[in-house]
Structures are given as structure tokens and as C-alpha cells.
């Protein structure tokens, strides 16, 4: 930096010249990051430098890890700084522990400066920043392969960590808040593999099996050894098991007023049932999923009521028209059930049983047959 | 011909394209990376020294390419060795049969390359093969006709069927037109290329119908519901044609007389024309005999095949159903159908259980009879089926019902779900009593070919003989975790035991005509191989929720529609079926 000074020179008898006196710069520290500082946080500080002479200067930052009281070394702060710098802006990472191993409770920052002509700022600036314990971090998620249905397990995962205490020293507490109807539930541990690529975090798992519908709230609290806690909520809307829908059938069901002519032995079948939990054909290898069940019934001429075909509980029925007289009109009916719907809610006189909540879904089909 | 799948995978489009029997796939790709895989040999057979060379062909992709391979056998990862210095080819040891799949990721290209996937079936040495039918039926909410095609299943190895393309077909609109205009009817469309992929429709009161059909000629069967119009079968009908013409057909007349030559009134008479081993025939209209025993049906004559006359007398007549078959009937002259059979009254026969009468027992006396009458003119072979319902009185005695003097069976209903079968010979007069033993319990265990229990296996009890004639429904049982099935069978009854494993661990097993006493303690279901594939609608869109069935090719009648194995497609259109293993030499 170029020196700017006036020179006074003696130009004649009785006159003399002199250099003006170099003045000291003044400095200040401004904390531009959050006032609340935790161990492991990044603190950003800015130096305010002013030289009355307008000359530039040199800054010198030093930061020391401290405690509120003396540690085993007998000092409040470490003698060795953990940060040094010369830039106008200093970004320092608050250490977790002092050299003696005790947790850092404060940071002492010292800023010194001198101008280009060697004048040092006086006094040097000091800033003591209180440091708090770092809060645990907590992240929740839920997984269910079968939707969120009453009676079906939901896997819950809480991924947690703690910058200064480490995840191993964080305690996790789970609390389930049921809907207002207070249905039963179970919450059991779920083993979660350790992620070797992320040692800073641990994931804990629980399996929640809600037994009722409604808005469920799972509250998880992560607490570190000094009692600093982080709390997260997981809202789960649990729905009822929906009724099964007959999704495909053979042969065709005649429209109202028409009959299906049965001229030979015919296999009536429902190859496909759509359901959230109990499908057909059965799903394999999933302990949660089940199989839809079926009931077949028949209304024959002259019979007072529809008769359930005892034992016919498969998805197909071999119908032999020879057991009837040609010209007879026979109604053959199939209904599909699941674990939550062992019956249909429709009147027997209805040929189908539409599921109001699912357009196009029916739990029942009725073939009106003409024996030929 | 073996089934082999050579899949040529496309990078950049997100879908695999497969060709059968080594046919090349389309290696499209637009502006993105164009890459394909090929196998050598294209139809490999597993062996200790069998190797599969997999080569990648990457075109129009600038950059220094790096190849990252992975290989699987039936879903389990396997090793491979590089076969080119640049890594563009690998060699896999194919010592075991099954579906070999490779994935290839290409890096270093100037344009992004998606993972390329291809698979190939490696057959077992000396494999037997069996032809089966694959049927795919979309969910009712999807407007597309069903698909049916033959598949050849090779023994000893799982196989991929590759892409199964389901076509939406064309929306055919047609009108069933009779002499007086449009006529309501049931209409059955059977495509000539895949007769089993049937589409059914109902023409409304104006005869109008619409159906989504395969774009090919169909054989159409029309059964009008309006009186006086004869059912008709139309071969070679095109979906582009909008008319299905029907008419009154020819009048066929006749009379029905009982063994005493008295007119049989109220009997139902119907003919089937063109019957064959594989076709049940086109029905005539249905007639009811008048007081003088006369009838008139209308039918389309001149159809090649047998003609069958079916006479079902009213229940009060106590006459059996008569079926008469002729290969060359004369239908121009009135048919004279005359019953000639001896009959026995069951009056006084007592129904007993363990020596005690069964008051109010309900009987269905059934029997498959020989000749029960004659039909003239012409040469007709007649048979009969007896189905006579009788109810015992409060003392367990039967009223004076007449039954054919023949070997018969009584299916006795003692109570709900409590039945018994009593065989008796009515040729020598009525039996003094018929015994109705209690239902007989049985227990059996379903095992896989290796003797491992098959929890969740299904046992269908299909009644045969007397129970079948009486229309007794079958049973559906599911094995517990130990593979054990426990239930009760009708004493004296016979059943076909139909085992199947929904888990695909074994193939179905049918054990014919078993009574409770002859059910074995356990049954080993035969070995299965797994067939996999992907159903695409219009060759592009994965079709979820479609029913996929494997069906018998050689079967006829109702067995032709009974699934050997069934599955459904997942969100990606994929399915897996367990097929009976044809075995190896």
C-alpha cells in the first residue's frame, strides 16, 4: 500500500516542513451468523476496520475453545487457537470439545489489526460467544407396501444424529396418539440394518399396527445426554380395508332382462379380484396379503329362496345344465369376500352389490341363465 | 420346436423388446443411446461346457464407452467373463437350464444410455415338451378382447415367454337381423385364429350390439331370445360386416310317447345339430310337447356333424331324459320318439341311517342308462339319464315313485350338508331299504415332488358319478401350514381330487374317482417349471391387472376352460405361472 503523507519542507529562512503523524486504525467484530451457537455450528464473523489515515492494514483472527469454568488445565480457554485467519470475514466451525476433552461452552475470538505503516489497532477486539449443546437431528418416514389400512403393519423409521454427542448417545422415544375413537394398536421394534456409509446417523425402526381408522399421530423425540431434544411428528391417515371388487369374470353377465343360454357344461369363474389386501389369484410370499374367498348360490324355479352351494367356495363353479329342465331360468350368483367383509351389505334381490366408495366395483355378480 | 426367447433390449426407451426363436428385435432409440444385446448360440442347451456369448451392439454413440455387466440365472446373480478387450462382450457358463438375464450399463457415451436388459431361455438336455394354451384376459374395465395362444413348455427348465402383446382389437358394431327386423340374441364370437379367445355379447331388443374383437374372421354363434327364430352358426364372419342374419330355419316336427305308447305332454324337446368331438352343436329352438305329445322345433339344418335329440320329460312323468344321436338323420319326416324301458316303483323302500329311519329324507335317484327308447325314422342311438326327485315320508318310507328298472343310485340328503349315496339295482324290483351312512371324514397331506409339505395348497373336490348327475356342488379346501387337508366326503360318493398349489411350488394333480376310504394319506404334486412374461397392451403399455391362465390344449368341454395355473399381471405387466414340468429324457 502506498504511503500517503504530506511532507512539509522548509523552503526558506524561518520556515520548515514535517511529516504528519500516522494514526492507529480502529477495529470491531460483527457476528453475521445466528446469535445462538451450538457446538459444531459455523459462526461467521466480519471485521470492521477503519484507519483515519485511509491506509490499508492487516487483520489477524484467532479463536479459542473455552468453557464457563476452568478445565483440568486450569484455564478457561485453550492456549492453542483452533482457528486463525486474515480475511475480513471469518467462518469458523465451533469445535465439539476443548483440548482436554470437555465439551466446548464458549468461543473466545480475538481480532487484531495493524495498518500498512505498522500502527497496531489498540485495543485488540475480543468477542466471547456462548456455545450451546447441539440438538439431535431427527428425520421420520413411514412405509407400507399395502397402503395404510387398519390392521395392517406400517413400518416407521426414525433417522437421528447429534453433531456433538454422536448418535449413539441419543435416546429415542416413540409415542402414538390414536384417533379420537382410541382404537387399539401395537408398536414393536423393527430391526434396521446399520448404514456403514453414514456413521453420523442411526436409523431406528418400529412397526405400528393400527387397529382402527382415522388420523394417527406418531411423535418421536430424540434426546441427547444433556437433555436437549428434537421432536418430530408423523401423521398417518389409516383407512378401512376396502371391499373386494370382482375385476374379471367368465362367461359374460347378461344385461338386465336378458338371459345367458347355457347349452352345455360351463365353467363359471372369477379369475381376478381386486382388493387392497385379499386378492385373487393369491399373492405369494407376502405374510400380510391374503386371498379373496368366494360364495356361490343358486335360485332355481320354484325354490322359495336362493340356496347357498355348500362347499363351493373357490373362484370357479362347474355348472351342468343337465341337472335342470330345459327352459328353466336359473340365477347363479357369486360373491367375493375378504378378511373384513365376510358378507355383502346388499339386499338379496340386487343382482350386483356396488361398492359406493369405489365406482365400478361390485362384490356380487348374478348370471340369469336359461337352461338349453 | 423349443421355445426360446431372445430379447433384444432397447436403451433409451425404457422397454424391452423380445423376439421369439431368435428373431431379431428392433433396436430403435431416437436421439438417445442405441444399444442392443444378442446371444450366441440363439437356442442354447445347458451343459457342463455350454457357454453363452453375449454381445452388445452400440451404434451412433460417440465417446469412449465403458461396459458394466450383470448376469442372473432365474433371478439369482451369476458370474461371467469378459470376451472382448473393450468389455463389449461377455461369456456366461450355461451349465444349468433356466432363464439367463443380462443387464448392461454403458458409461462414457456422449448421450445417456439406459440399462439394457435381455434374457434367453437355456433348455435342459433331452427335454420333453408339452403344448399348452396361454390365455390373457384384461380386467373388465379394459376394452380389449382376450388373447389366447399356444405355448410350448420344455421340461426341466424355467422359461420366459417374453412379451405377450395384447391388441385392443376393433370395435365391431352389428345387428342381429331376422325376418321381422332386429332381434335380441346372445352372440358368441370365436376368432378363427384363436378359437378359445371368445367374446360374448348380447344384442338388444333392436338386435344391436357392439363388441371389441380381434381383426380377423370369426365363427359366430347366435342364439336368439325371440320366439320362432332358429339359432345359427356363421363361419368366417368379418368384424367389418355389420349384419348377423338369422331366420326361422326349418321346422322339425315329431311326437313323444311313453312306454305304454301314451302321449308324453309337457316334455321339453331340443335338437343339437353339427355336434362333434370338439363342438357341442348348434341348438334348435326349444319346444314343449302338446297334450298329444307333438312338438315343433326350428333349426338351421345341413350342418356337418351329428344331430342329437334331447327329450326332458316333465318331472311328474318320472321318465328319464332321452338323448338320441344320429349321424345321418332324416329330419324332413316327423320324428317319432318312443320310450321303451321297464320301471320299478320304490313304494315302501325305507331310508335308514344305522338302522334307523330317516324321516323326510330327500332323494335324487340318478343313473346313466342305456337305450331307453327309439327314434324313427332313421338310425338313432339312444341313451338316458335318470334324475328323479323323491321325498321320504315321516317314517322314512318312499312313496310310489317310478324309476327305471336299471342300476341306479340314490343321492340322499339327510340334512343340510349331510348326504349319502346308496347304489341299488332296480331291475329286480325295489330295494327294501337304502342305507344313508354319515359323511365320512378324511385327512390327506399335499406334498411337493421332494416330499415337502405344501401349506396353502388347494384341493378341489369335483363330484363324479351319481353325485355329478345329481348336481351336487364340489368342495374347495385349503391346506393348512402343514399341508394337511381335513374334511368329509359323501359316503358312497366319488370325487376327482384336484390338487393345485397357488404358490407355484408344484404342478396340479388330478386323482380320479376317489371315495373317502380311498383317499391316500398324502399326495405328491408333480414338479413344475415357471413361465414368466410381460403383457403389453398394443405392444407398448404394460397391462396391469390382467388375468393370465395356462390351459390344457388337448382337453374338451368344461375341462378346456379349467385353468391349470393362473396368475395376474403386476403394475409392470409381469406375470409368473407354474406349469407342469414335461420332464426330460
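FYI, it's all coordinate maths here, none of it is from the lab. Source: prediction; values computed, not measured. Positions of Cβ are generated from backbone atoms using ideal geometry, with glycine treated the same way; all protein chains shown enter the neighbour counts.
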Take residue A:140, project a point 7 Å from its Cα along the Cβ direction, then tell me which residues of segment A:215-241 have their backbone nitrogen under 18 Å from it.
A:215-224, A:229-239
Cα-projected label distance for residue B:238 with residue B:374, points at 7 Å along beta-carbon direction, nm:
5.2 nm
With label points built 7 Å along Cα→Cβ from the Cα atoms of residue B:250 and residue B:555, find their separation and express it in nm.
3.6 nm
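Among DSSP beta bridges lying fully in segment A:245-371, give the percent that are antiparallel, nearest 5. Kindly include the intermediate steps, with their values, before the conclusion.
Values: 27 of 32 bridges.
If I count the DSSP bridges inside segment A:245-371, around 85 percent turn out antiparallel.
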Find the centroid of the Cα atoms in segment A:153-225 and in segment B:116-188, then give the distance between the two in whole Å.
49 Å
Largest-first principal axis extents of the Cα set of segment A:137-238 (Å)
41, 27, 17
Sorted largest first, extent of segment B:65-191 alpha carbons per principal axis (Å)
79, 46, 20
Expressed as cubic angstrom per residue, what is the convex hull volume of the alpha carbon set of the protein assembly as shown?
284 Å³
To the nearest Å, what is the center-to-center distance of segment B:457-480 and segment B:250-274, using C-alpha atoms only?
34 Å
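If I take every Cα pair under 8 Å that is 6 or more residues apart in segment A:26-130, average their sequence separation and divide by the length, what percent do I get for the relative contact order?
Numbers: 233 pairs, mean separation 34.5, N = 105.
About 33 percent, as a whole number.
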Please work out the Cα convex hull volume for chain A and give it in Å³ per residue.
248 Å³
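R0 = 60 Å: FRET efficiency of residue B:333 with residue A:240, Cβ-based, nearest 0.05?
Numbers: r = 68 Å, r/R0 = 1.14.
Once the sixth-power term is evaluated, E becomes 0.30.
Send over the Kirkwood Rh of segment A:245-371, from the inverse of the averaged 1/r over different Cα pairs, rounded to one decimal Å. Don't skip to the end; give the middle numbers.
On the way: mean 1/r = 0.0657 Å⁻¹.
Mean inverse Cα-Cα distance, inverted, gives 15.2 Å.
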Under a Gaussian network model of chain A whose springs join Cα atoms within less than 10 Å, the largest fluctuation of A:257, A:360, A:28 belongs to A:257
Using a Debye calculation, one point per C-alpha and no hydration shell, please list log10 I(q)/I(0) for segment A:84-211 at q = 0.13, 0.16, 0.17, 0.21 Å⁻¹ in order.
-0.75, -0.92, -0.98, -1.22
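Please report, in whole Å³, the volume per residue of the convex hull around the C-alpha atoms of chain B. Intermediate results must be reported in sequence, preceding the final value.
Working: hull volume 106.6 nm³, N = 585.
Hull volume normalised by residue count: 182 Å³.
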Identify which of A:240, A:222, A:196 has the largest mean-square fluctuation in a Gaussian network model of chain A, with springs joining Cα atoms closer than 10 Å.
A:196
Pick out which of A:321, A:243, A:95 has the largest mean-square fluctuation in a Gaussian network model of chain A, springs linking Cα atoms closer than 10 Å.
A:321
How fast does segment B:141-219 diffuse by Stokes-Einstein, in µm²/s, taking the Kirkwood radius from C-alpha pairs at 20 °C and 1.002 mPa s?
147 µm²/s
Pop a pseudo-label 7 angstrom from the Cα along the beta-carbon direction at both residue A:68 and residue A:305 and give the gap in nm to one decimal.
8.0 nm
In whole angstrom, note down how far apart the Cα centers of segment A:284-338 and segment A:82-97 are.
80 Å
Once the piece of chain linking residue B:105 and residue B:520 is laid out straight, how much longer is it, given 0.36 nm per residue of separation minus the C-alpha distance between them?
144.0 nm
Over the Cα atoms of segment A:26-130 the radius of gyration and the largest Cα-Cα distance (Dmax), both in Å, equal 14.5, 46
Per the rule of 0.36 nm per residue minus the C-alpha distance, extending residue A:320 to residue A:75 adds in nm 78.3 nm
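With each run of n ≥ 4 DSSP H residues scored as -39500 (n - 2.57), what mean residue ellipticity at 222 nm is computed for the protein assembly as shown after dividing by its residue count and rounding to the nearest 500 deg cm²/dmol? Working shown, then result.
Details: 1 runs with 5 residues, N = 957.
When only DSSP H runs of four or more count, the value is 0 deg cm²/dmol.
Below 8 Å between Cα atoms, with a sequence gap of 6+, how large is the relative contact order for segment A:185-283 in percent?
Working: 126 pairs, mean separation 19.1, N = 99.
Reported relative contact order: 19 percent.
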